[in-house]
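Heads up, the thing below is written out as C-alpha cells.
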Amino acid sequence: MLNSKEKKSNLEMFIKLITGHFNNKEQFEEMQKSGRVYPYAEHVNTVCNDKIKNLSVDFQGKFLVEESYYETNGKKHASSHIFLFTEEKEGILLSSYEIPAGADKNTFTYDSMLPVEYSELKKSEKFTPALYLENDGVWEGGSTSQFTPVMKFKLWERFSETGLEVAESMEVNGKRTFGYDVPILYKRA
C-alpha cells in the first residue's frame with residue numbers, strides 16, 4: 001500500500017510529464033515529406049488549481065487546462081478542456097470537467113480563465129474517466145466514451161520523458177468522423 005508521500009510523488013511525476021508546451025513539428029514535417037495529410041498540432045497544458053477557489057486544504061488532485069490547437073490544410077481549430085487528475089490505487093485517473101459557465105468555449109485558455117468556485121465546476125457526464133498505468137516511467141491509458149447512442153469517442157495516450165503520444169477518434173454510427181491512423185507524437189517545445 002502506498003503512503004501519501006508516494007502517492008503525491010507519483011501524481012507529481014505524472015503531472016510533470018504532461019505540463020508545458022508541446023507540438024508535433026517533427027512528425028508533421030515527416031508526414032508532409034511523404035505526401036500524407038496530417039495535422040500540425042500543439043498542446044499547452046497548465047495546472048490551474050491556483051484559479052479554483054475553496055479547494056479543501058487536503059485536496060490531492062491536480063486540475064489542468066489543456067489547450068489544443070490543430071491545423072490541417074490551412075484550416076485551424078482550437079479546443080480546450082479542463083481535466084482533473086487524481087491518484088487512485090490502480091494508477092492515475094483523468095476526469096473531464098465542463099468549461100466554467102460564462103467562459104467562451106472557443107477561446108478558453110489558462111490565461112483567460114477567471115477564478116471559479118470549486119463547487120461550480122461540473123464533471124462531464126459524457127466522458128468516461130481514463131485510467132493511466134505506469135511501467136518503467138511510461139504512463140499509458142485511455143477510455144471509450146459513448147457521447148450519444150450513435151457517437152463514440154475513443155482516447156488512448158502514452159506519456160513519457162520523450163513526449164506525449166495521443167490517439168483520439170470519434171465515430172458516428174460506427175464510421176470514423178475524426179481521428180488519424182497514426183497517433184499524434186508531441187514533443188516538448
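The values are calculated or read from the model by the stated rules, or taken from the named source; none is laboratory data. Here the structure is a predicted model, which means the values were calculated and not measured. Note that each Cβ is placed from the backbone with ideal geometry, even for glycine, and that neighbours are counted across all protein chains shown. Heads up: the accessible areas ignore ligands, DNA and RNA and are worked out on the full protein's heavy atoms, side chains in. Shrake-Rupley method; radii C 1.70, N 1.55, O 1.52, S 1.80 Å.
Here are a few things to note about the model shown:
- Average Cα contact separation per residue, region 53-136, under 8 Å, 6 or more apart, as relative contact order %: 29
- Å² of accessible area per residue within region 3-144, as computed with a 1.4 Å probe and no ligands counted: 59
- Nearest-ten-degree value, helix 4-18 long axis tilted from longest Cα axis of the chain: 30
- Computed in the context of the full set of protein chains, the accessible area of the chain at 1.4 Å probe radius has 50% of its extent on carbon or sulfur.
- Per-selection metrics, region 1-80 (Cα): Rg and Dmax in Å: 17.6, 53
- Cα gyration tensor shape of region 119-172, rounded if a/c is under 1.5, else prolate or oblate by comparing a/b with b/c: oblate
- Charge sum, other residues only, whose C-beta stays under 11 Å from His21's C-beta, Lys/Arg counted +1 and Asp/Glu -1: 0
- The sum of -39500 (n - 2.57) across all DSSP H runs of n ≥ 4, divided by the residue count of the chain, sets its helix-only mean residue ellipticity at 222 nm to -4000 deg cm²/dmol.
- Three-way shape label, region 94-133, alpha-carbon gyration tensor, a/c 1.5: prolate
- The chain: C-alpha pair distances exceeding 27 Å, %: 30
- Using C-alpha pairs below 8 Å separated by at least 6 residues, the relative contact order for the chain is 18 percent.
- Scalar couplings 3J(HN,Hα) for region 155-167, obtained by applying the Karplus form with A = 6.51, B = -1.76, C = 1.60 to θ = phi - 60°, are 10, 9, 9, 9, 10, 8, 4, 7, x, 10, 10, 10, 10 Hz; x denotes Gly and Pro.
- Centroid-to-centroid separation of region 82-126 and region 24-51 [C-alpha atoms, Å]: 22
- Region 116-179 - percent relative contact order, Cα under 8 Å, separation 6 or more: 21
- Rounded to the nearest Hz, the phi-derived 3J(HN,Hα) couplings of region 124-139 under the Karplus curve 6.51 cos²θ - 1.76 cosθ + 1.60 (θ = phi - 60°) are 5, 7, 7, 7, 7, x, 9, 10, 10, 10, 9, 9, 6, x, 10, 9, where x marks glycine and proline.
- Heavy atoms of Lys152 accessible to a 1.4 Å probe, total area in Å² rounded to 10: 70
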